[in-house]
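Trainee: Below is one structure. I have some questions about it.
The values are calculated or read from the model by the stated rules, or taken from the named source; none is laboratory data. In this text, all values refer to a predicted model and were calculated from it rather than measured experimentally. FYI the Cβ positions are ideal-geometry reconstructions off the backbone, even for glycines, and counts take in every protein chain you see.
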Amino acid sequence: MLSYRRYCRNLLILAGVIPLACAIGLFFDWQQDNAVLRRQAMAVTAGRDNDSARIRAVNDWVYHNKGFEPNNQYFIIPALGPTPVQVMEQGGYCADKSRLVAALLNRLGIDAGLVMISLCRDCGFIHTVVEARYEGGRMVVDPTWDVDYPTDDGKFLGVTDLAGTNRGQERVAELRQQRPATDKIGHMPPADATFDYAVAINWDRNFITRSVAAMLRLTGY
């Protein structure tokens, strides 16, 4: 009986130690990834003296860094997809690239998050971009096509400014005129610059969403 009790006790201790060890390992991985992202963000934005310039520099760098093929790496479970560091090392498609842009900006202290685009209220999402806070408000950047949305007075457009207008498509048409005919933007679908049904997740809405956000943050998202 004593041996059985000792066995059960050891089993319980082991059941507690393993999750703790995993959590500690996860924390150190997170810290290491954050350090890597911060160093890269600082290098990319060196010499930029305001947030809008830093945001544009990060967006442009992520666009040119690696390729746009799907990134099959993941952390813990495949459903979470690649971490920002994994995207930085191997590239990825639109959601991956946008995740990396947001992560780099956050390491600089710039508030940035993902925005999903769909064609209608009940349609599935077709594209992902980033909206970041800059010195003049909020601005959208798209690392898949290397696009931002400036105005004539030196400001930039956010999701609210672009929704319900054709300013997104006008910007794409302008860039097609400015860039070489072989540039990737020549293949950008108009829907990718249409923000009428763009959606961002409000992670601060309640305790559950804040808890999920905290867990995602620990995995590098």
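Trainee: Taking segment 168-191 as the region of interest, how many residues are within 19 Å of Pro150 (Cβ to Cβ), among the aliphatic types (A, V, I, L, M) and within 21 Å of the chain's Cα centre (by Cα)?
Mentor: The total comes to 2.
Trainee: A further question on this structure: Which one of these is at pLDDT below 95, touching an Asp or Glu at 6+ places or on another chain (Cβ under 8 Å) and not charged (D, E, K, R): Ala200, Ala163, Ala181? Before you say what the answer is, go through the steps one by one.
Mentor: Working: Ala163 fails: at pLDDT below 95; Ala181 fails: touching an Asp or Glu at 6+ places or on another chain (Cβ under 8 Å).
Going through Ala200, Ala163, Ala181 in turn, just one is at pLDDT below 95, touching an Asp or Glu at 6+ places or on another chain (Cβ under 8 Å) and not charged (D, E, K, R): Ala200.
Trainee: Can you confirm whether segment 70-88 contains a residue that is of a type in the set (Phe, Trp, Tyr) and touching a helix residue (DSSP H, G or I) at 6+ places or on another chain (Cβ under 7 Å)? Explain how you work it out, then say what you get.
Mentor: Of the residues in segment 70-88, the ones of a type in the set (Phe, Trp, Tyr) are 74-75.
Still in the running and touching a helix residue (DSSP H, G or I) at 6+ places or on another chain (Cβ under 7 Å): 74.
There is at least one residue in segment 70-88 that is of a type in the set (Phe, Trp, Tyr) and touching a helix residue (DSSP H, G or I) at 6+ places or on another chain (Cβ under 7 Å).
Trainee: Which condition number does Ala46 fail, the rest of (1) modelled with pLDDT under 90; (2) farther than 30 Å from Ala163 by Cβ being met?
Mentor: For Ala46, the exception is condition (1).
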